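Take a look at the structure below.
The values are calculated or read from the model by the stated rules, or taken from the named source; none is laboratory data. None of these values were measured; they are calculated from a predicted model. No Cβ is skipped: glycine too gets one built from the backbone with ideal geometry, and neighbour counts run over all protein chains shown. We work out accessible area using only protein heavy atoms, side chains counted, and drop any ligands, DNA or RNA first. Shrake-Rupley method; radii C 1.70, N 1.55, O 1.52, S 1.80 Å.
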Amino acid sequence: MSMDLPRRQFDTLVIGAGGGGLRAALQLAQADANVAVVSKVFPTRSHTVAAQGGINAALANVLPDNWHWHMYDTIKGSDYLGDQDAIEYMCRAASHLVVELEHAGVPFSRLDNGKIYQRPFGGQSQNFGGEQAARTCAAADRTGHVILHTLYQQNIRAKTHFFDEYFAIDLIRDDNGFILGVLVLEIETGEPLLIEAKTTLLATGGAGQLFRTNTNAHINTGDGLAMALRAGIPLQDMEFFQFHPTGVAGRGMLITEGARGEGGYLINKDGERFMERYAPHAKDLASRDVVSRAIFTEVKEGRGCGPDADYVLLKLDHLGKEVLDKRLPGICETSRTFLHIEPAEEPIPVYPTAHYTMGGIPTNRFGQVVVPVEQGEECIPGLYAVGECACVSVHGANRLGGNSLLDIVVFGRAAGNDIIQFLKNNRYHRKIDENSVQAALDHLHRWDKKDEGESVAGIRTDLQAVMEEYCGVFRTEEILKQGLEKVLEIEKRMEHVRLKDHSKIFNTARIEALEVENLLDLAVATVTSALARQESRGAHSRIDYPDRNDKQWLKHSLFFKEGRRLDYKPVTLQPLSVETFPPKPRVY
Amino acid sequence: MNTTTTFKPAQTDLPPEQELARLRWQCRRGMLELDTMLGSFLDKCFSQLTDKEKSAFYTLLNYPDQLLLEHLMGRTLPLDKDVAHVAKKIQAAAGP
């Protein structure tokens, strides 16, 4: 019963120890708030560690630049679905926050003159669409790693309390709508713990594990998004998921576009250079969505390679070993390690791979979670979200490289600042709603049932395959309808899933079951939102509605779990201090 | 710029099944490449390791993710020769 539960109290509880959660926690701990961070893995094993590219800021260290150009590029990159107030806020704050990171100990790479090194990335321009800009600050190829480790160390110094290897089950909410904390599970002991908090920040990252082929760590199961859904909060713009055309088939690891840029090309089982049919001019260098759909079509129409005809081949051998080792060492390494293939001798099996969740928990630029009411929207008191699990929305329909690390530090800090104000006005813990605690416990104890049933692993595999096939890069009304039916069938099967292992200590099967439950909720949200949006915008590409339709669809989707209901809200086109950037065709 | 993860002793006194479950969770990392390599090594090879190799595997698991990636992808060689030997084994087991 809930009364027997061990309980702890903090001013603020942060769920997730990636860059967003740790940046917010640091802001709070430095302001003497009593802050706890819950992480299902050891904090420096969070997915931020994998971000290699860098962090955008218009420092103008290499080429002329300013935050207004960065803002324009981000809005254009978002296919005009990004909220312009949040984007202005982020781009204006970027330079200051990069310098702040440097002062906190992030060892950025340097130019000869001692300034922070900046590299050019796709989608960056000078003077609103002019020459290429160089805006991405990098610490070699391990920017995410150094940011994460720096923030972790600073948090240790600031005396942030860490609950390592605890899994968050559900938000605790009272009848007035206040979020009062979270029920968590200690993975080592299998025992639940109630953490009461005046404010809760969700920073649990994305949900790449929705798809069979993805670039994400296994921990990216969208736990915070699903917790929000279960608490009655809608998810915004879930139909927008960024894919890369070439991941290692069946494994997911990214094979960069550089491979095709250097002269590599794709072939089907007949050895045909099929991109010539889909994009006669650009061929293998056509945009990501075109190449992704072409690969899908080749496989779908029976021209895939391998025993199951489920991938195509990336041919690089004609470039020669010397060129490959010099210009594409990472690809050679990935190929040798995971496929035991030498790219100078054999082509690499590839398939589109899911990479980044643009949608998420709707927030404003202060990190407050917001929901629609009759007139406009209102904040959920005590609840915040930042990073990939949130939708603020700075990425809109498509995220630019280098903007994800920026997003987490800018809005992590902003949320921290807003929480400090909230704590000043809310000095005492509210009374815990025991019914809400009991509901969270019931959710957890559902996995104690001991009769016969299906396995969790089977559900996960089937769900990922259905999402890839029916809600991946090739979307039509018919395909998405089939996808929704199939996901709902899996949802029904989930009711009959049982665990074989009911032990408590490090029962990873139970954690995996809770993760699959989360993924399933997100799959329903994603397919439903994708089916409803009858246009192509950014990463959401509909064959039956190939054009962007600003008249009807320049709006954010909001998916509610109850009744699988969709609502919409307008995109904020009014920035904070400058003129709006009206939607234009997105041409590069 | 690496934070050493000294959050658990190298070996615990858990029964073997629970110890394996604990190790499985330690193989959950921030990168797909590491998840894939460590997970498949644990499933395919861990039970056949000698005690010395197991001990080296524990050491390796306490490395930060980027360093671990460099060792397991063969970009750098661990200084400890026992750890280097296990890193090679993990790399060999990562294939199809």
- For A:Val456, what accessible area in Å² do you get when you roll a 1.4 Å probe over the heavy atoms of the protein chains, rounding to the nearest 10? 20 Å²
- Query: Cross-link partners among lysines for A:Lys500, C-alpha distance below 30 Å, same-chain residues fewer than 8 apart left out?
  - Reply: A:Lys40, A:Lys449, A:Lys450, A:Lys486, A:Lys492, A:Lys561, B:Lys8, B:Lys44, B:Lys54
- Note on the structure: Quick calc, segment A:120-182, dipole around Cα centre from Cβ unit charges on Lys, Arg (+) and Asp, Glu (-), nearest 20 debye, gives 340 debye
- Item | Partners for A:Lys584 among lysines (Cα-Cα distance below 18 Å; same-chain residues under 8 apart left out) | A:Lys76, A:Lys551, A:Lys555
- For segment A:421-478, which GluC sites (Glu not before Pro) are in a loop by DSSP, counting at most 16 other Cβ atoms within 10 Å? A:Glu452
- Item | Heavy-atom accessible area ranking, 1.4 Å probe, most first, across A:Asp407, B:Asp51, A:Asp141 | B:Asp51, A:Asp141, A:Asp407
- Message: Just to be sure I understand the model, the point goes 7 Å from the Cα along the line to the Cβ. What's the resulting B:Leu79 to A:Asp112 distance in nm?
- Response: 3.4 nm
- Tell me, what is the 1.4 Å probe accessible area of A:Ile15, in Å² to the nearest 10? 10 Å²
- Task: Report in % the part of the accessible area of segment B:34-93 that belongs to carbon and sulfur, leaving out ligands and nucleic acids; probe 1.4 Å.
- Result: 56 percent
- Query: Hey, got the dipole for chain B? About the Cα centre, +1 on K and R Cβ, -1 on D and E Cβ, debye to the nearest 20?
  - Reply: 120 debye
- Would you rank A:Thr256, A:Thr48 by solvent-accessible area, highest first, keeping every protein chain in place and using a 1.4 Å probe? A:Thr256, A:Thr48
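Count the lysine pairs in segment A:187-332 that are 8 or more places apart or on different chains: how many have C-alpha atoms under 21 angstrom apart?
Lysine pairs meeting both conditions in segment A:187-332 amount to 7.
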- FRET efficiency for A:Ala532 and A:Val578 from the Cβ-Cβ distance with R0 = 41 Å, rounded to 0.05, comes out at 0.80
- Item | Exercise: per-residue mean of other protein chain Cβ atoms within 10 Å, B:32-40 | 6
- Message: Are there any GluC sites (Glu not before Pro) in segment A:321-389 that are in a DSSP loop and have at most 13 other Cβ atoms within 10 Å? List them by number.
- Response: A:Glu345, A:Glu374
- Got a sec? Which residues of segment A:100-147 lose 50 Å² or more of accessible surface with every protein chain in place, vs. that chain alone, 1.4 Å probe? A:Arg142, A:His145
- Message: Could you report the protein assembly as shown's accessible area per residue, 1.4 Å probe, as an integer in Å²?
- Response: 38 Å²
- Item | FRET efficiency for A:Glu272 and A:Met3, using Cβ-Cβ distance with R0 set to 60 Å, rounded to 0.05 | 0.30
- Put A:Lys315, A:Lys504 in order of accessible area, largest first, 1.4 Å probe: what do you get? A:Lys504, A:Lys315
- Query: Any idea what the relative contact order of chain A is, in percent, if you count C-alpha pairs under 8 Å spaced at least 6 apart?
  - Reply: 21 percent
- Item | Partner chain coverage, peptide B:13-21 - average Cβ within 10 angstrom | 3
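Tell me: how much accessible area in total is hidden between A and B, 1.4 Å probe, Å², nearest 100? Spell out each step's value before the answer.
On the way: alone 23480 and 6170 Å², together 26050 Å².
So the buried area, both faces added, is about 3600 Å².
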- Message: At 1.4 Å probe size, what's the solvent-accessible area of A:Ile156? Round to the nearest 10 Å².
- Response: 90 Å²
- Potential lengthening between A:Asp544 and A:Glu131 on full extension [0.36 nm per residue; Cα-Cα distance subtracted]: 145.2 nm
- Task: Pop the C-beta distance of B:Asp51 and A:Lys300 into the FRET formula with R0 = 45 Å and round what comes out to the nearest 0.05.
- Result: 0.35
- Note on the structure: Taking Cα pairs closer than 8 Å and at least 6 residues apart, the relative contact order of segment A:437-588 in percent is 20 percent
- Item | Magnitude of the charge dipole, chain A, Cβ model with Lys/Arg +1 and Asp/Glu -1, debye to 20 | 860 debye
- Among the aspartates and glutamates, select those whose C-alpha is under 19 Å from the C-alpha of B:Lys88, and discard any that sit fewer than 8 residues away in the same chain. A:Glu333, A:Glu342, B:Glu33, B:Asp35, B:Asp43, B:Asp51, B:Glu53, B:Asp65, B:Glu70, B:Asp80
- Quote to one decimal, in nm, the extra length available between A:Arg493 and A:Tyr588 on full extension: 0.36 nm per residue of separation minus the C-alpha distance between them. 29.7 nm
- Take every Cα pair under 8 Å in chain B that's 6+ residues apart, average their separations, divide by the length, and report that relative contact order as a whole percent. 33 percent
- Approximate spin-label separation A:Gln438-A:Val373, in nm, with each point projected 7 Å along Cα-to-Cβ: 2.9 nm
